[in-house]
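Undergrad: Below is the structure I would like to discuss, written out as structure tokens.
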Amino acid sequence: MVETDYTNHILTAYIRGEIDHDSAARIRVEVDGAAQSLRPRLLRLDFGGVSFMDSSGIGLVMGRCRQMQLLGGTVRVVNYSDNLRRIFVLSGLEGLGVLA
Amino acid sequence: MKQAVNEMKLRFPSKSCNEAFARGAVSAFIMHLDPTVNELSDLKTAVSEAVTNCIVHGYRRQSGMIFLDGKIFDDGRVLLKIRDKGCGIEDVAQAMQPLFTTAADEERAGLGFAVMQSFCDKVRVKSAPGKGTTVTLEKRLGADDGA
Ligand SMILES: Nc1ncnc2c1ncn2[C@@H]1O[C@H](COP(=O)(O)OP(=O)(O)O)[C@@H](O)[C@H]1O
Ligand SMILES: [Mg+2]
């Protein structure tokens, strides 16, 4: 469900499948575990493999933003489809520079 | 009111794995209407929000049954009713405001109703504290072809 890559202080989490309240809980644990041990400057959340997302995905991104703030880093969401964009637009995340 | 050309009723317990089940079932129910990719995604997302709310909020400290009724009308309208017998909502208008959530510590974004409203033509919420909540979603498919 989540694969990670750490290169040049950048942690990329490749998320796959559907993001809802059920799966978000598991994704969160995996991403936070990697971020806490590696302490990256940048956490890239790669949504290229995400086929479905509801507002739990927004909670997931906002929660990682808070988490990375505590660790002294930032978050970028990349590779999301047009369908996901329509959900992100509702969240105000665009204005925060989190969406690539 | 027009006669429904097809209908279905589902009931399932408030387990998180049933969020995926509910949107999968709804997508199979409307498939013969040949929905566009966006229409399908809109309804799946709205249903996912409503069912998740029953599980996360309605049956917060308990488990219970969720009822999902679907109807299709001959003008392409799809009506989905999602009901729980959980804690209910004290102030529905406040609950529907974007970013309002009573579960911020669980990483809820407070955007469930906003998503339902932006992806459906109509969203109706009936709720009584201590009795439960019914959310009715309405969307006409085939309204935006040519786009
Ligand atoms: N089925 C329900 N039963 C009880 N309360 C609900 C229900 N659905 C929604 N609510 C209330 O409305 C609020 C807003 O819901 P929503 O917009 O989906 O945001 P979120 O689920 O992220 O909190 C919830 O935090 C909850 O207080
Ligand atoms: Mg919700």
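Every number in this text was worked out from the coordinates using simple rules, so none of it is lab data. Keep in mind the model is a prediction, meaning the values are calculated, not measured. With ideal geometry, Cβ positions are generated from the backbone for all residues, glycine too; neighbour counts draw on all protein chains shown.
Undergrad: Projecting each Cα onto the charge dipole of region B:6-145 (Lys/Arg +1, Asp/Glu -1 at the beta carbon, about the Cα centre), which of B:116, B:22, B:37 comes out farthest on the positive side?
TA: The residue sitting farthest along the positive end of the dipole is B:22.
Undergrad: Next question. Placing unit charges on C-beta atoms (Lys and Arg positive, Asp and Glu negative, everything else neutral), compute the dipole magnitude of the protein assembly as shown about its Cα centre in debye, rounded to 20.
TA: 600
Undergrad: Shifting gears a bit: With a cut-off of 14 Å, note down the residues of region B:77-110 whose backbone N falls inside the zone around a label point 7 Å from the Cα of residue B:11 toward its beta carbon.
TA: B:83-86
Undergrad: Between residue A:30 and residue B:2, what's the calculated FRET efficiency when r is the beta-carbon distance and R0 is 35 Å? Round to 0.05.
TA: Computed FRET efficiency for residue A:30 and residue B:2 comes out at 0.15.
Undergrad: Averaging the inverse of every distinct alpha carbon separation and then flipping it gives the Kirkwood radius. What is it for the protein assembly as shown, in angstrom units?
TA: Computed over the protein assembly as shown, the radius equals 18.8 Å.
Undergrad: Answer with one residue from A:36, A:48, A:59: the one whose Cα lies farthest towards the positive end of the charge dipole of region A:18-67, charges on Cβ with Lys, Arg +1 and Asp, Glu -1.
TA: Result: A:36, furthest along the dipole toward the positive end.
Undergrad: Once amide H atoms are placed 1.01 Å from N in the peptide plane, what residues at a sequence separation of 5 or more from residue A:77, or on another chain, have their amide H within under 5 Å of its amide H?
TA: Under 5 Å from the amide H of residue A:77 lie the amide H atoms of A:45, A:99, A:100, each far enough along the sequence or on another chain.
Undergrad: I'd like the orientation of helix B:17-30 relative to chain B: the angle between its Cα long axis and the longest Cα principal axis, in ° from 0 to 90, rounded to 10.
TA: 20
Undergrad: Compute the normalised compactness of chain A: alpha-carbon radius of gyration over 2.2 N^0.38 Å, N being the residue count.
TA: Taking N as the residue count of chain A, the ratio is 0.96.
Undergrad: What dipole magnitude, in Debye to the nearest 20, does chain A give about its Cα centre under +1 on Lys/Arg Cβ and -1 on Asp/Glu Cβ?
TA: Using only the charged Cβ atoms, the result is roughly 360 debye.
Undergrad: Suppose we look only past 20 Å in the calculated P(r) of region B:6-145. What percent of the Cα-Cα pairs does that tail hold?
TA: 42
Undergrad: Under the Karplus relation 6.51 cos²θ - 1.76 cosθ + 1.60, θ = phi - 60°, what is the ordered set of whole-Hz ³J(HN,Hα) values for region B:71-76, x standing for Gly and Pro?
TA: Using θ = phi - 60°, the values come out as 9, 10, 9, 6, 8, x Hz.
Undergrad: Could I have the simple spin-label model distance between residue B:27 and residue B:121, label points 7 Å from Cα toward Cβ, reported in nm to one decimal?
TA: For residue B:27 paired with residue B:121, the spin-label model returns 2.3 nm.
Undergrad: Another question, if that's okay. Angle, helix A:55-70 long axis vs. longest principal axis of chain A, Cα atoms, 0 to 90°, nearest 10?
TA: 20
Undergrad: Loop-only GluC sites (Glu not before Pro) in region B:1-101, please: DSSP not H, G, I, E or B, and at most 13 other Cβ atoms within 10 Å.
TA: B:90
Undergrad: Please give the FRET efficiency for residue A:42 paired with residue B:103, using the beta carbon to beta carbon distance and R0 = 35 Å, rounded to the nearest 0.05.
TA: According to the calculation, E is roughly 0.75.
Undergrad: Let me ask something additional. Summing +1 for each Lys or Arg and -1 for each Asp or Glu, what net charge is found among the other residues whose Cβ lies under 10 Å from the Cβ of residue A:78?
TA: +1
Undergrad: PRE reach from residue B:61 (point 7 Å along Cα→Cβ): which of region B:113-136 fall under 17 Å by backbone N?
TA: So the set is B:129-132.
Undergrad: Let me ask something additional. Tell me the net charge near residue A:49. Cut-off is 12 Å between Cβ atoms, residue A:49 excluded, with +1 for each Lys or Arg and -1 for each Asp or Glu.
TA: That sum, taken over residues with Cβ under 12 Å, equals -2.
Undergrad: Nearest 20 debye, what's the magnitude of the dipole of region B:6-145 about its Cα centre given +1 on Lys and Arg Cβ and -1 on Asp and Glu Cβ?
TA: The dipole of region B:6-145 has a size of about 680 debye.
Undergrad: Considering only the other residues whose Cβ falls under 15 Å of the Cβ of residue A:9, what net charge follows from Lys and Arg at +1 and Asp and Glu at -1?
TA: Residues close to residue A:9 contribute a combined charge of +3.
Undergrad: Compute the helix-to-body angle for A:21-38: its Cα long axis versus the longest principal axis of chain A, expressed 0 to 90° and rounded to tens.
TA: 20
Undergrad: Also: Separation between the residue A:89 and residue B:96 pseudo-spin-labels, each 7 Å from Cα along Cα→Cβ, expressed in nm?
TA: So the two model labels end up 2.1 nm from each other.
Undergrad: Give a residue-ordered list of calculated ³J(HN,Hα) values for region A:91-100 (Karplus: 6.51 cos²θ - 1.76 cosθ + 1.60, θ = phi - 60°; whole Hz; x for Gly, Pro).
TA: Rounded to whole hertz, the list is 8, x, 5, 4, x, 8, x, 7, 8, 6.
Undergrad: Check residue B:140: other-chain or 5+ apart residues with amide H under 5 Å from its amide H, H built from backbone geometry?
TA: B:78, B:121
Undergrad: Could you state the number of Å between the C-alpha centres of region A:26-100 and region A:1-16?
TA: Result: 12 Å between the Cα centres.
Undergrad: Ok, one more. Where does chain B land at 222 nm, in deg cm²/dmol rounded to the nearest 500, when only DSSP H runs of n ≥ 4 count, each adding -39500 (n - 2.57), divided by all residues?
TA: Result for chain B: -9000 deg cm²/dmol, rounded to the nearest 500.
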